Amino acid sequence: MPGTPDSPGAAPGSRPVPELFGWEFASDPYPAYAWLREHAPVHRTTLPSGVDAWLVTRYADARQALADQRLSKNPAHHAEPGKTGIPGERSAGLMTHLLNIDPPDHTRLRRLVSKAFTPRRVAAFAPRVQELTDRLIDSFAERGSADLIHEFAFPLPIYAICDMLGVPAEDQDDFRDWAGMMIRHGGGPRGGVARSVKKIRGYLAELIHRKREGLRQDGADDLISGLIRASDHGDHLTEAEAVAMCFVLLFAGFETTINLIGNGTYALLRNPEQRARLQASLAAGETGLLETGVEELLRYDGPVELATWRYATTDLTIGGQAVPAGDPVLVVLAAADRDPARFGSPDTLDLARKDNQHLGYGHGIHYCLGAPLARLEGQTALATLLTRLPDLRLGVDPDELRWRGGLIMRGLRTLPVEFTPSAPLHTG
């Protein structure tokens, strides 16, 4: 019966449904997603939070759902909106951001922010990303070992997005601490995340106020200053919208890139032939394999497992399955991007894969605004790691690695590595 969750362990036709969202599933969700694609491609399940939602797992259905305007991003369409979305955003007054709104407000706000992520502006930021990357590698290069998540993949996007937003250098370590709390508590009680969200919200509100006061004097070109200028010139960006916008850029902009770097490095270490091809290409001064390679890493084991929440605004049908109005719908990007109906040998990592129209950054009007910056950071991080630490290798047995619990993101808790010690590029 449409709208009724499956009984535990059963699916249409009495086939056993794989267990979803446990720790074993988190380590390798792909066999379960393959089962769902074949037997229950639009599957209603109860999430760990207690919310019932539909999982969309086939590529064609996923792509269609991501662009379907009958699936709203506004949690008001759900009977219990407080149980969905980013923990703490509601109590902190951070609901009016791009992940929670529909046109025409979405169109207006996206137009304002898109100016910060033009190809030209991102290209101009490339030297800073390279500088941050080298500085972080310098911090552990002489040691011969590191945890690439905490010492590299985590701080790189935090400092980068802080620079883009215009967070003063003396405050960036506070941001790093708050973001770390969000990561550490991502799969546990929502309270830990909510506390961090409130601290970030308070800081951003104060920073926006300070920047508005001093804007005429300093002529700053950062993203927050740009939003303030647009607001002051009639684009009707309220202070609450500005704070929420900066928050979601931080939230969406750092964990995705952490996971892109972490998952990508791990995949390369587990596929030595592909890693050797990429290193040879980089040594020859080529960039083509690096560019297609990062797209393939996004498809193969991407940073975002499920697209953010959507809600049916009317009764509709997805992949032949009736979905009642008000029901949450979660598009499983990780499943869609390994659909054999769209990708040949989908469980094989092929850095030279052509026609790789993966859904790692979404599709439609909610396609990730920060994709150009994330690609830059991912390409820079992986190329520099493989060039500066050519014999990089796992420091533990793969079975010892643990993945962070959570619903939307997919990423490693730690990634211990070893390598031949080398001198830092910069001293002093």
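For the stretch 371-403, a residue qualifies if it is out of contact with any strand residue (DSSP E or B) (no Cβ under 7 Å at 6 or more places or on another chain) and either in a loop (DSSP other than H, G, I, E, B) or closer than 16 Å to E24 by Cα (or both), and the qualifying residues are L389, P390, D391, D397, P398, D399, E400, R402. When the stretch 285-318 is filtered for residues that are of a type in the set (V, I, T) and part of a helix (DSSP H, G or I), the ones remaining, listed by number, are T292, V294. Inclusion of A67 among residues that are modelled with pLDDT of 75 or more, farther than 28 Å from R195 by Cα and open to solvent by less than 30 Å² (accessible area, probe 1.4 Å) is not warranted.
Of all residues in the stretch 318-349, those satisfying the criterion of being open to solvent by 30 Å² or more (accessible area, probe 1.4 Å) and either touching a helix residue (DSSP H, G or I) at 6+ places or on another chain (Cβ under 6 Å) or β-branched (V, I, T) (or both) are G319, R342, T348.
Scanning the stretch 120-161 for residues that are under 17 Å from A179 (Cα atoms) and of a type outside the set (V, I, T) yields a count of 11. R44 falls short of the stated requirement of being crowded, with 17+ Cβ neighbours inside 10 Å, touching a Lys or Arg at 6+ places or on another chain (Cβ under 9 Å), among the charged types (D, E, K, R) and modelled with pLDDT of 70 or more.
The values are calculated or read from the model by the stated rules, or taken from the named source; none is laboratory data. Since this is a predicted model, take the numbers as computed values, not measurements. Glycine also receives a Cβ, built like all others from the backbone with ideal geometry; neighbour counts cover every protein chain displayed. Areas reflect the complete protein model, heavy atoms only, side chains present, ligands, DNA and RNA absent. Shrake-Rupley method; radii C 1.70, N 1.55, O 1.52, S 1.80 Å.
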